[in-house]
1. What does the extension gain come out to for residue 34 and residue 157, with contour length at 0.36 nm per residue minus their alpha carbon separation?
2. When DSSP beta bridges are limited to those with both residues in the chain, what percentage is antiparallel, rounded to the nearest 5?
3. Just want the ordering: 240, 283, from fewest to most Cβ atoms lying within 10 Å of their own Cβ.
4. On full extension of the chain, what length is gained from residue 2 through residue 74, given 0.36 nm per residue of separation minus the C-alpha to C-alpha distance?
5. If you find the alpha carbon centre of the stretch 13-63 and of the stretch 225-292, how far apart are they in angstrom?
6. To the nearest 10 degrees, how steep is helix 29-43 against the longest Cα principal axis of the chain, on a 0 to 90 scale?
7. When a/c is below 1.5 the answer is rounded, else prolate if a/b is larger than b/c, else oblate, so apply that to the chain with a ≥ b ≥ c taken from the square roots of the Cα gyration tensor eigenvalues.
8. Suppose R0 equals 45 Å. What FRET efficiency, 1/(1 + (r/R0)^6) with r the Cβ-Cβ distance, do residue 226 and residue 63 give to the nearest 0.05?
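Only the coordinates and a few stated rules stand behind these numbers; no lab work does. This structure is a prediction, so every number in the text was calculated from the model and none was measured. As a convention, Cβ positions derive from the backbone with ideal geometry for all residues, glycine included, and neighbour counts pool all protein chains shown.
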């Protein structure tokens, strides 16, 4: 088995066809097809079903994908370790972050990292939920994750960075029982704008409401987090955001209130218990230094 063959398989999986995979891998399609054919022969299974121009990944192909990504990642560790003497002049850093952490602290961390290492390309993926984030780090698709702790996968290394407060963001004109404060119990009867169950912020909110014996009225349930601010400002309901994001919305007219009792979570980094590439190691060290 050659690593180039492994790259060919992942290129087809990631880009959906042999033609697009060959373009991404920088080879002629016949060369890619022959490389995959020889790998399938060596493994004794078909990794893809080919029906005309359509390509479907087989069960064997899906089973091969995770170990294949880890192989490529380990090769990157070896190559980057050799190239570390270049002081991170080049390279790629693959991150994955919960959407609510993309503004704070991810944006400032990536900005600082890029200032220090302008030759490194940073790629940030957005997971469907916290479990998908942990899975993505565990299978090597992303090297470092920015997530709510504790981790959803025990085998991952977790590094706590900070406690983050989640606050209520209410439509303009909302009257609070006390300035800047909103008891969780008072959310009873208030229309809410929330992300779907299973997302990190929704899970945190649901636990707080259950503790206060509040049955929520979710007036708008939406996956597109970028729509939350316009929905709140237009009067659709009250939502919940990290304080840094909420303050930006408050400047646009929303009423921001700290919840009583406070709603907080621990955020931090996740990575596999394997040697990190120099770029990932530098990012982790930067994040550690930032919390002091």
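1. Working: separation 123, 0.36 × 123 = 44.28 nm, distance 3.91 nm.
Between residue 34 and residue 157, full extension yields 40.4 nm more.
2. Working: 26 of 42 bridges.
Bridges in the chain that DSSP calls antiparallel: roughly 60 percent.
3. Values: 240 24, 283 27.
Ascending number of Cβ neighbours within 10 Å: 240, 283.
4. Numbers: separation 72, 0.36 × 72 = 25.92 nm, distance 1.39 nm.
Extra length available between residue 2 and residue 74 comes to 24.5 nm.
5. Each part's Cα centre sits 40 Å from the other's.
6. That helix lies at roughly 90 degrees to the long axis.
7. Working: a/c = 2.61, a/b = 1.85, b/c = 1.41.
It comes out prolate by the Cα gyration axes.
8. Working: r = 36 Å, r/R0 = 0.79.
After rounding, the FRET efficiency stands at 0.80.
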